[in-house]
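Structure first, then comments.
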Amino acid sequence: MKTKSLAKLGSVLTAIWLAGCTALQSPVAIPQKSEKALRIAVIADTQVTSKEATSNYLFRTPFADRVVNVAMRTTAQEVLAAEHLGYMLDSLGQQSPDLVLYLGDGANSGCDDEIDQFFTVLAAARDRLKAPVFFVVGNHDYLATGNQAAPSMRALACKGGGYVTKAELVARTAQFNSESWQRYAAGNTGLLGFEDSLESVMRRPGKGCLAEEEGQQEQFCFYAAVLKVNSAGRTGDIILADSSDYSDVVVQPRIGRSDLAQIAGKRGSISWSRGGQTEWINDHASKAASADFRIIATHYPSGDLSWNRFWTGRPGDLMLGQGVEASSPKKNLWLSAHTHVSTPGEKIVSLSFENHDGSDRKDYEEINVGSTTDHIPHAAIVDVAPDAIRKYPVRSRTVEQQHECRQMINSIRLADSYVSPRRGQSVALRLGMTKAYRKRAYQPEVARRNIEMFLAEPGHASEREKWVRCLLTEAARVEDRFW
């Protein structure tokens with residue numbers, strides 16, 4: 001009797017706990033798009049990783065991962081990241097966004113094959129969604145593992161293969177964003193105009209994107225764009241800013257002359273001196289007097305760009321001043337990524353930025369979006385309406401679906417042909433969903449082959465999307481425990 005009572009109590013407590021999890025994590029129902037709101041889908045940080053990536057690269061080793069926990073991911077996450085991104089974009093597309101903003105770190109080390117695969121997925125999703133998709137540059141998109149600037153380190157991270165320079169990334173981004181505008185903006189009454197910085201940064205010999213490769217990110221080689229938009233009769237701009245523009249950093253992100261010491265990416269920066277990115281943006285954006293709102297989209301959050309004695313940037317210079325009438329204030333919204341935030345929700349943070357000389361204060365709201373690979377993968381829908389800004393999280397799997405995924409995975413019976421990448425025979429190990437990649441003698445190529453073979457089996461191929469979402473989400477849950 002006592003045992004039954006304890007079992008019953010356990011069941012009740014479990015039910016309460018699951019209900020609490022559901023209340024905290026299940027997404028709020030997203031309403032139909034209002035004619036009065038500009039609907040923006042926001043997604044970031046897929047970090048597609050090259051098949052040729054080597055664990056012998058200094059900043060991508062089991063030891064490095066034990067120190068920072070972001071140097072590597074489970075094999076399932078790395079193998080399935082690009083395909084899973086396509087499914088996440090489809091989930092966002094179901095909410096009928098006016099446009100999609102990808103806020104950087106599509107690639108892990110800017111390797112040619114990473115960038116090619118990433119933009120292929122993004123372009124295919126753009127065609128399916130029939131909506132413009134715009135890309136914002138992140139540090140991982142051209143720096144080796146997001147922090148190494150030296151060409152030798154970039155080549156090593158790509159296992160001696162090709163990688164994109166900052167100039168090549170700028171040109172690739174400009175081509176993709178321009179195509180988005182030309183294909184889908186014409187019939188969208190909310191999108192009024194588009195300009196980007198490509199011509200500006202490509203016409204200065206020895207500077208901008210024509211500087212020597214190693215110094216491009218410090219010589220005004222950046223990608224910025226201004227989209228003029230209309231929302232319920234209110235006009236403003238969406239500014240795509242490159243927060244990996246280190247041109248004004250007084251103490252350059254490096255120590256000494258060693259290639260290994262050319263560390264970048266710890267903080268972001270947007271150049272604001274004469275000829276820099278801030279000047280270009282403000283020259284092409286709507287004037288403060290004629291704009292009702294301004295949306296600034298960057299990879300780094302605004303807190304990583306604050307002006308200080310190292311001159312990392314002046315975010316306030318990109319914002320509108322406050323409105324004269326209290327009933328019609330100027331609105332500033334900052335959209336960012338980079339943090340790989342683990343708990344998606346509806347949170348919108350109210351912040352302010354005081355100019356470096358204390359002469360003016362700019363108020364703004366910020367929304368930071370999570371990662372499509374780390375933690376439980378998620379993105380967001382942002383509605384910008386005259387009365388308010390609202391955020392709705394979009395998860396790859398709800399709490400209930402995660403539980404279903406675990407049951408599916410627990411029911412798997414693998415044949416002997418699925419060789420283990422290391423000692424042990426568990427399904428999770430053989431399908432690359434554990435932290436065993438930190439162990440000696442782990443063979444990621446074996447786990448990769450197992451995953452591809454598993455998804456090709458007839459019973460799994462017919463439900464491939466469901467299995468890909470489940471495998472990646474379960475692997476992310478394992479990775480999540482170590483953050």
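How about the range 209-231: which of its residues are under 15 Å from I270 (Cβ atoms), part of a helix (DSSP H, G or I) and either more than 24 Å from the chain's Cα centre (by Cα) or among the acidic types (D, E) (or both)? Can you show your working first?
If we filter the range 209-231 for residues that are under 15 Å from I270 (Cβ atoms), which is where we start, we get 217-226.
Then keep just the ones that are part of a helix (DSSP H, G or I); that gives 217-218.
Selection gives E218 alone.
What pairs can you find where one residue is in the range 428-441 and aliphatic (A, V, I, L, M), the other is surrounded by 20 or more Cβ atoms within 10 Å (Cβ to Cβ) and in a loop (DSSP other than H, G, I, E, B), and their Cβ atoms are less than 6 Å apart, with a gap of 6+ or different chains?
Listed pairs, sorted by first residue: A428/T434; M433/T74; A436/Y442.
Need the failing condition index for K2 against (1) crowded, with 18+ Cβ neighbours inside 10 Å; (2) at pLDDT below 90, just the number.
(1)
Within the range 137-151, take every residue that is out of contact with any Leu (no Cβ under 9 Å at 6 or more places or on another chain) and assigned to a helix (DSSP H, G or I) and give me the one that is surrounded by the fewest Cβ atoms within 10 Å (Cβ to Cβ).
Taking the candidates together, the pick is P151.
Can you tell me which residue among R183, R204 is of a type in the set (K, R), in contact (Cβ under 8 Å) with a residue 12 or more places away in the chain and not in a loop (DSSP other than H, G, I, E, B)? Even if it seems obvious, please write down each step before you answer.
Details: R204 fails: not in a loop (DSSP other than H, G, I, E, B).
R183 is the lone residue from the list that is of a type in the set (K, R), in contact (Cβ under 8 Å) with a residue 12 or more places away in the chain and not in a loop (DSSP other than H, G, I, E, B).
Could you run through the range 357-385 and say how many residues are surrounded by 15 or more Cβ atoms within 10 Å (Cβ to Cβ) and more than 18 Å from the chain's Cα centre (by Cα)? Outline the logic, then answer.
Step one: of the range 357-385, the residues surrounded by 15 or more Cβ atoms within 10 Å (Cβ to Cβ) are 362-385.
Subset that is more than 18 Å from the chain's Cα centre (by Cα): 362-365, 383-385.
Residues that pass the stated criteria total 7.
Assess whether A337 counts as being assigned by TED's automatic domain parsing to the domain that holds L305, closer than 30 Å to H460 by Cα and in contact (Cβ under 8 Å) with a residue 12 or more places away in the chain. Give the steps one after another, and end with the answer.
Working: assigned by TED's automatic domain parsing to the domain that holds L305: yes; closer than 30 Å to H460 by Cα: no; in contact (Cβ under 8 Å) with a residue 12 or more places away in the chain: yes.
The answer is no for A337.
Filter the range 450-465 down to the residues that are free of Cβ contacts under 8 Å to residues at least 12 places away in the same chain and assigned to a helix (DSSP H, G or I), then identify the one that is surrounded by the most Cβ atoms within 10 Å (Cβ to Cβ). Give the steps one after another, and end with the answer.
Within the range 450-465, the subset free of Cβ contacts under 8 Å to residues at least 12 places away in the same chain is 456-464.
Okay, now just the ones that are also assigned to a helix (DSSP H, G or I), so 456, 458-461, 464.
Details: A456: 10, P458: 6, G459: 8, H460: 16, A461: 11, R464: 13.
Only one residue tops the list, namely H460.
Test each condition in (1) touching an Asp or Glu at 6+ places or on another chain (Cβ under 6 Å); (2) modelled with pLDDT under 90; (3) within 30 Å of R294 (Cα to Cα) for H375 and report the one that comes out false.
Condition (3) is where H375 drops out.
The values are calculated or read from the model by the stated rules, or taken from the named source; none is laboratory data. Please read all numbers here as calculations on a predicted model, not as lab measurements. Virtual Cβ from ideal backbone geometry, glycine too; neighbours counted across all protein chains shown.
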